[in-house]
1. For residues in segment 284-302 being in contact with a Pro (Cβ under 8 Å, 6 or more places away or on another chain) and within 12 Å of Ser201 (Cβ to Cβ), which is surrounded by the most Cβ atoms within 10 Å (Cβ to Cβ)?
2. Does Glu91 satisfy the condition of being part of a loop (DSSP other than H, G, I, E, B) and closer than 15 Å to Asp147 by Cα?
3. Does segment 316-347 hold any residues that are assigned to a loop (DSSP other than H, G, I, E, B) and over 28 Å from Thr190 (Cα atoms), and which are they?
4. Can Thr195 be described as among the β-branched types (Val, Ile, Thr), loosely packed, with under 13 Cβ neighbours inside 10 Å and in contact with a strand residue (DSSP E or B) (Cβ under 7 Å, 6 or more places away or on another chain)?
5. Sort through Asp72, Asp128, Asp68 and tell me the only one that's in contact with a Ser or Thr (Cβ under 7 Å, 6 or more places away or on another chain) and at pLDDT below 90.
6. Restricting to segment 229-256, and then to whatever is surrounded by 14 or more Cβ atoms within 10 Å (Cβ to Cβ) and hydroxyl-bearing (Ser, Thr, Tyr), can you tell me which residue is nearest to Ile193 (Cα to Cα)?
7. State whether one or more residues within segment 29-41 are over 30 Å from Gln338 (Cα atoms) and part of a helix (DSSP H, G or I).
8. Restricting the first residue to segment 280-295 and requiring it to be in the same structural domain as Gln264 (by TED's automatic domain parsing), which pairs with a second residue that is part of a helix (DSSP H, G or I) and polar (S, T, N, Q) meet a Cβ separation below 8 Å and a spacing of at least six or different chains?
Amino acid sequence: MSEGKNGNIQSIDHIRDKTIRLFTYLRELTQLRSKVIRAIENYDSVMWLSDIPHEQECFTLAWGAVRDENEDVWLEIKKPKLSPFPPPSEEISLWVKESDLADSSKDEPELLQRIPVPVIQTQTNQTDSPPPEIKYIELNDHLHILDLWSEYLEKKWKPWAKECKRLKRIQECYAKLFSMYQKQKSLGETYEIITGFGLLSWHTPNNQKVFRHLITVQATVMFDPYSGTLSVVSPAEGIKLTLEQDMLEASERPIPDDQNRIEQKISEIGDAIWDTAKIEEVLRSWVYSVSSEGTYNRDITKPVESPHKPFVSYSPAIILRKRTGRGLVKVYQDIIEQLRSGTEIPNGVIRVVEIIDDRHGNDGSSGVISGINEFHEIFFPLPANDEQKRIIETLNAHQGVLVQGPPGTGKSHTIINLICHLLATGKKVLVTSQTPRALKVLKGK
């Protein structure tokens, strides 16, 4: 390495190149380990906002409506209050099955054409006597039941059935959203709930069927246990739209210039994610940039086919899915771009890619780096040899020390001494291990 100013520049360029290659490797490794999901049906749960009933118990910004009291609520479903069927009179109940009365999906339940006559049991000493013959009465012989039945249907059962059908449509959506809420709470940070916009339906040139949203944003499902209301709201960390294209090959995406322009438009949307015009402008730009035959449809329902030409529809949905390395890949890519633009490399990263003596600055100047402590007294509770004491001396000049040795050479013994010494000098210590067995060895000592 050359000395002087030119030498320093060469050293920095060398470190920058190694750092870029490190994060490029991490990005590619993460992509290889990430399973690509191309169809939305392969996610754990999907609720299309077009399925939300237009009823007073429901609300979603996807309808284009705005509520002044709480603009942060994207979707809300109040718990429907289902009621049992109205009981008919005792005389009518003999002529109809209870299961038919409880089925609100029927146009109307039907009366039985005949019913058995109730048999009065009498005591007898003959144990082997045959069972009594069952007798029936016919509906045609009791036509007044028809009048009672018609009145019951019109005044009680049909109004109940109509309301029950309405509430059951709400209940289906409520149950799905409640299931998402419970799963996300029980599965923890390994799963996420998102809102998706712009469903891409495409049988690609590479013979892959793609059925995924292009734009996503993190969402949070809230549950009010007192009222039973479920709400989908913006995340606490803020709204950040993401363009997702991992389901496509590089050749199937917009060219870099177009993609940069599209991502810039996405960033300009900010919190106005329910401004349909702004979202649609991005979606149209994307599909028109991908193919001269690309088309866009502003319908909120989902398409039913995967055409051989790229087709994007607005089609918003709430999705529960397992987190992947997608976010980490983007972080690595951002770091790479920052490094290429000349951003200063943190010392912690430099120490990963380059061997540095911390007694000297990164530019080769002398002087111990601030933060390295001089230990004038060694606090080892267990016996120690000169090599183990040299570890403490090394810590005077370095922020990291690698201790190697075959089994039985006293590494666990040394770790205990180091923990005690660092604690005695006011340091905080975190002990980690690849396997629990190694930690048990330390605990046993």
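The values are calculated or read from the model by the stated rules, or taken from the named source; none is laboratory data. Since this is a predicted model, take the numbers as computed values, not measurements. Cβ sites come from the backbone with ideal geometry, for glycine too, and all protein chains shown count toward neighbours.
1. My answer is Val287.
2. For Glu91, the condition - part of a loop (DSSP other than H, G, I, E, B) and closer than 15 Å to Asp147 by Cα - is not met.
3. Of all residues in segment 316-347, those assigned to a loop (DSSP other than H, G, I, E, B) come to 316, 323-325, 341-346.
Of everything in segment 316-347, those that are assigned to a loop (DSSP other than H, G, I, E, B) and over 28 Å from Thr190 (Cα atoms) turn out to be Ser341, Gly342, Thr343, Glu344, Ile345, Pro346.
4. no
5. Values: Asp128 fails: in contact with a Ser or Thr (Cβ under 7 Å, 6 or more places away or on another chain); Asp68 fails: in contact with a Ser or Thr (Cβ under 7 Å, 6 or more places away or on another chain).
Asp72 is the lone residue from the list that is in contact with a Ser or Thr (Cβ under 7 Å, 6 or more places away or on another chain) and at pLDDT below 90.
6. Ser234
7. Yes, there is a match, as at least one residue in segment 29-41 is over 30 Å from Gln338 (Cα atoms) and part of a helix (DSSP H, G or I).
8. Ser289/Gln259
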